[in-house]
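*Asks:* Structure in structure tokens, see below.
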Amino acid sequence: MIKRFMLCLVSLMGLACMAQSSHGYQNPVIPGFHPDPSICRVGDDYYLVTSSFQYFPGVPLFHSKDLVHWKQIGHCLTRESQLPLHDASTTGGIYAPTIRYHEGTFYMTTTNVSDKGNFIVYTTDPRGEWSEPVWLKQGGIDPSLYFEDGKCYLVSNPSDGIFLCEINPKTGEQLTESRCIWNGTGGRYPEGPHIYKKDGWYYLLISEGGTEYGHKITIARSRNIYGPYAGNPSNPILTHINQNAQSNPIQGVGHADLVEAADGSWWAVCLAFRNHNFHHNLGRETFLVPVRWDKNAWPVVNGDGTVALQMDVPTLPQQAVEELPVRTTFETGKLGHEWVYVRNPHFEKYTFKSGKLRLYATPISLDYMGDDSPTFVARRQEHIDFSAGTSLQLKDAETGDRAGLSVYMIETSHYDLYVEQLADGRQAVNLRYRLGAIDHVEKTVIVPRQAEVRLRVKGDKEFYTFYYSVGDDDFVELGKVDTRYISSETAGGFTGVMLGLYAVSAAETSQAFADFSYFDYER
């Protein structure tokens with residue numbers, strides 16, 4: 001009897017856990033600088049890509065079983081031949097991608113605004129290598145593909161409207177003339193188009209208003225893919241520009257893509273940013289929103305066209321994914337998918353020695369705004385409240401050589417905590433601010449030459465606080481800096497804060513390098 005009771009209790013607990021795991025989730029589902037999400041489904045697998053701008057590799061690629069828990073499985077653009085970024089400024093590089101699946105092949109189309117414009121890459125194995133770029137004639141940004149009856153259609157915005165043509169996705173050949181099919185509802189920058197077909201209607205989803213506080217999602221439909229398209233009388237279907245979201249901590253909501261789940265439910269992924277004191281640092285992130293889409297009706301997003309941090313809604317059966325460890329060690333001799341470089345890196349400057357990451361210093365600093373790449377490898381800040389740290393030794397250094405940890409938004413906006421070689425043979429830990437035209441070393445502390453120095457930064461809504469320690473000594477606070485000074489509102493650009501390791505030399509002839517023992521990141 002007791003055994004039977006225990007079995008029933010275990011069964012009930014299991015059902016309770018299943019029910020709990022299928023209801024509610026926390027937004028953003030992919031935190032940190034992951035804007036312009038696009039999604040596709042293959043069976044019960046979901047794949048998602050986001051923009052990457054001037055960072056290499058390009059177009060982060062994620063996989064999920066439940067739309068809530070995502071794991072990065074690679075990048076679509078991993079070779080310089082696919083992703084030349086030599087001319088990519090802080091607003092350059094890769095803009096909004098679209099991912100689609102058709103007859104056994106994955107297609108990713110996007111724009112390299114610093115190179116030749118719109119292109120497609122494709123693969124049968126998204127975890128493997130993708131093809132060389134297939135360049136497209138129709139211009140604009142935010143290209144998207146739609147497949148039907150053996151044909152492939154391309155939509156993008158070469159001018160103030162959404163244009164459509166038929167193409168060969170394997171060669172890029174344009175098979176029909178480009179035709180404007182919708183200008184939107186009058187909002188500025190109509191962009192981010194996607195076409196879907198449901199109940200005999202072609203639906204055209206776009207973004208308007210600019211990717212800031214005026215961002216919004218609108219939709220139109222037609223019985224013919226070439227139009228004419230009639231707008232939804234209830235546009236916009238997703239936005240936070242209205243009164244019902246004026247106090248929401250999520251703002252800038254837009255650039256969405258729709259997907260029908262394996263159970264028939266509909267969902268949207270979109271970008272937005274988490275606002276505090278009218279500033280944000282993490283960039284535009286990926287959010288998930290439920291959609292009700294009745295037969296022959298317009299899609300309704302989350303009831304009132306808004307999104308919340310805590311979504312108390314039914315979900316697919318949730319399947320948690322393994323989170324990244326707090327500590328990244330370098331004993332495997334390779335970096336995870338979360339690590340990226342500014343423009344096309346010089347890989348010979350990054351090696352692994354005795355379980356450590358060795359960075360060779362070059363004169364290309366984090367302030368550099370040209371066509372080269374600094375010795376700098378970084379990952380995204382994903383949480384408002386976090387801590388990050390590393391331990392390093394600066395070796396074979398000459399006067400002015402330095403290496404350390406950077407809280408990096410763009411070339412003209414970053415906070416650096418680093419070890420520097422001094423003229424008298426000693427070394428120092430410095431805290432430096434680069435804020436536009438302001439270049440200031442806030443504090444300098446002398447440390448023993450070639451000492452093992454630990455560096456740490458803690459962040460919250462208001463401040464980044466910096467610490468150092470020599471060896472196993474306790475951490476000492478060096479300074480505290482306002483987060484607003486390197487926010488998107490202050491610094492500009494389209495990205496978010498990156499946390500990275502770097503090495504810079506004062507002269508071309510320097511042989512300096514830094515050995516980093518680990519990198520910690522903890523929410």
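The values are calculated or read from the model by the stated rules, or taken from the named source; none is laboratory data. Since this is a predicted model, take the numbers as computed values, not measurements. Using ideal geometry, Cβ is built from the backbone for each residue, glycine included, and neighbour counts are taken over all protein chains shown.
*Asks:* Could you please find all residues in region 197-216 being among the hydroxyl-bearing types (Ser, Thr, Tyr) and part of a loop (DSSP other than H, G, I, E, B)?
*Replies:* Within region 197-216, the subset among the hydroxyl-bearing types (Ser, Thr, Tyr) is 202-203, 207, 211, 213.
Passing the criteria: THR211, TYR213.
*Asks:* Quick check on region 218-250: of everything there that is β-branched (Val, Ile, Thr) and assigned to a strand (DSSP E or B), which residue is nearest to LYS197 (Cα to Cα)? Outline the logic, then answer.
*Replies:* Quick first cut of region 218-250, residues β-branched (Val, Ile, Thr) only: 218-219, 225, 237, 239, 241, 250.
From what is left, the residues that are assigned to a strand (DSSP E or B) are 218-219, 239, 250.
Numbers: THR218: 16, ILE219: 13, THR239: 23, ILE250: 30 Å.
The extreme case among them is ILE219.
*Asks:* Please determine whether any residue of region 154-164 is modelled with pLDDT under 95 and acidic (Asp, Glu). Step through it out loud before you land on a result.
*Replies:* So in region 154-164, the residues modelled with pLDDT under 95 come out as 159-160.
Narrowing further to those that are acidic (Asp, Glu): 160.
Yes, there is a match, as at least one residue in region 154-164 is modelled with pLDDT under 95 and acidic (Asp, Glu).
*Asks:* I'm trying to understand the selection: among the residues of region 262-296, which are in a loop (DSSP other than H, G, I, E, B), at pLDDT 95 or above and touching a strand residue (DSSP E or B) at 6+ places or on another chain (Cβ under 6 Å)?
*Replies:* Here is the first cut: in region 262-296, the ones in a loop (DSSP other than H, G, I, E, B) are 262-265, 275, 277-278, 280-284, 293-296.
Still in the running and at pLDDT 95 or above: 262-265, 280-284, 293-296.
HIS280, ARG284, TRP293, listed by residue number.
Quick grid of which residues meet (1) part of a loop (DSSP other than H, G, I, E, B); (2) farther than 16 Å from PRO126 by Cβ; (3) of a type in the set (Gly, Ala, Ser):
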residue: TYR25; (1), (2), (3): no, yes, no
residue: PRO28; (1), (2), (3): yes, yes, no
residue: PRO35; (1), (2), (3): yes, yes, no
residue: VAL59; (1), (2), (3): no, no, no
residue: GLN72; (1), (2), (3): no, no, no
residue: HIS75; (1), (2), (3): no, no, no
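*Asks:* HIS279: in contact (Cβ under 8 Å) with a residue 40 or more places away in the chain and more than 29 Å from TYR146 (Cβ to Cβ), yes or no?
*Replies:* Values: in contact (Cβ under 8 Å) with a residue 40 or more places away in the chain: yes; more than 29 Å from TYR146 (Cβ to Cβ): yes.
Considered against the rule, which asks whether it is in contact (Cβ under 8 Å) with a residue 40 or more places away in the chain and more than 29 Å from TYR146 (Cβ to Cβ), HIS279 comes out as yes.
*Asks:* What's the number of the only condition in (1) more than 27 Å from GLY496 (Cβ to Cβ); (2) buried (at least 18 other Cβ atoms within 10 Å of the Cβ); (3) within 27 Å of the chain's Cα centre (by Cα) that ASP125 fails to meet?
*Replies:* (2)
*Asks:* Identify, please: which residue in region 298-321 is of a type in the set (Gly, Ala, Ser) and surrounded by 12 or more Cβ atoms within 10 Å (Cβ to Cβ) and is, among those, nearest to the chain's Cα centre (by Cα)?
*Replies:* We begin by selecting, within region 298-321, every residue of a type in the set (Gly, Ala, Ser); these are 303, 305, 308, 320.
Pick out the ones that are also surrounded by 12 or more Cβ atoms within 10 Å (Cβ to Cβ) and you get 305, 308.
Working: GLY305: 23, ALA308: 19 Å.
Among them, the one singled out is ALA308.
*Asks:* Check ASP416, ASP401, ASP385 and return the single one that is farther than 22 Å from LYS353 by Cα and surrounded by 18 or more Cβ atoms within 10 Å (Cβ to Cβ). Give the steps one after another, and end with the answer.
*Replies:* Numbers: ASP401 fails: farther than 22 Å from LYS353 by Cα; ASP385 fails: surrounded by 18 or more Cβ atoms within 10 Å (Cβ to Cβ).
The unique qualifying residue is ASP416.
*Asks:* Any residue in region 187-216 that's without any contact (Cβ under 8 Å) to a residue 60 or more places away in the chain and farther than 19 Å from PRO228 by Cα: show its pairings with residues that are surrounded by fewer than 24 Cβ atoms within 10 Å (Cβ to Cβ) and among the hydrophobic types (A, V, I, L, M, F, W, C) at Cβ separation under 8 Å, as long as the two are six or more apart or on different chains.
*Replies:* Cβ pairs passing all conditions: GLY209/ILE241; TYR213/ILE241; GLY214/ILE241; HIS215/ILE241; LYS216/ILE241.
*Asks:* When the residues of region 466-509 are narrowed to those that are among the hydroxyl-bearing types (Ser, Thr, Tyr) and within 20 Å of the chain's Cα centre (by Cα), which ends up surrounded by the fewest Cβ atoms within 10 Å (Cβ to Cβ)?
*Replies:* So in region 466-509, the residues among the hydroxyl-bearing types (Ser, Thr, Tyr) come out as 467-469, 483, 485, 487-488, 490, 495, 502, 505, 509.
Those left that are additionally within 20 Å of the chain's Cα centre (by Cα): 483, 487-488, 490, 495.
Details: THR483: 22, SER487: 23, SER488: 24, THR490: 16, THR495: 25.
Of everything passing the filter in region 466-509, THR490 is surrounded by the fewest Cβ atoms within 10 Å (Cβ to Cβ).
*Asks:* Would you check which residues across region 322-359 are surrounded by fewer than 17 Cβ atoms within 10 Å (Cβ to Cβ) and not in a loop (DSSP other than H, G, I, E, B) and list them?
*Replies:* Those that are surrounded by fewer than 17 Cβ atoms within 10 Å (Cβ to Cβ) and not in a loop (DSSP other than H, G, I, E, B): ARG327, THR329, PHE347, GLU348, THR351, PHE352, LYS353.
*Asks:* Which residue, of THR78, THR110, THR50, is among the β-branched types (Val, Ile, Thr), under 14 Å from the mean Cα position of the chain (by Cα) and closer than 25 Å to GLN381 by Cα?
*Replies:* Working: THR78 fails: under 14 Å from the mean Cα position of the chain (by Cα); THR110 fails: under 14 Å from the mean Cα position of the chain (by Cα).
Answer to the selection: THR50.
*Asks:* Given the criteria in contact with a helix residue (DSSP H, G or I) (Cβ under 9 Å, 6 or more places away or on another chain) and either within 22 Å of PRO314 (Cβ to Cβ) or assigned to a loop (DSSP other than H, G, I, E, B) (or both), does VAL253 qualify?
*Replies:* yes
*Asks:* For ALA512, indicate whether it is farther than 25 Å from ALA272 by Cβ, in contact with a strand residue (DSSP E or B) (Cβ under 9 Å, 6 or more places away or on another chain), in contact (Cβ under 8 Å) with a residue 12 or more places away in the chain and buried (at least 20 other Cβ atoms within 10 Å of the Cβ). Outline the logic, then answer.
*Replies:* Details: farther than 25 Å from ALA272 by Cβ: yes; in contact with a strand residue (DSSP E or B) (Cβ under 9 Å, 6 or more places away or on another chain): yes; in contact (Cβ under 8 Å) with a residue 12 or more places away in the chain: yes; buried (at least 20 other Cβ atoms within 10 Å of the Cβ): yes.
Yes; evaluated as a whole, the condition is true for this residue.
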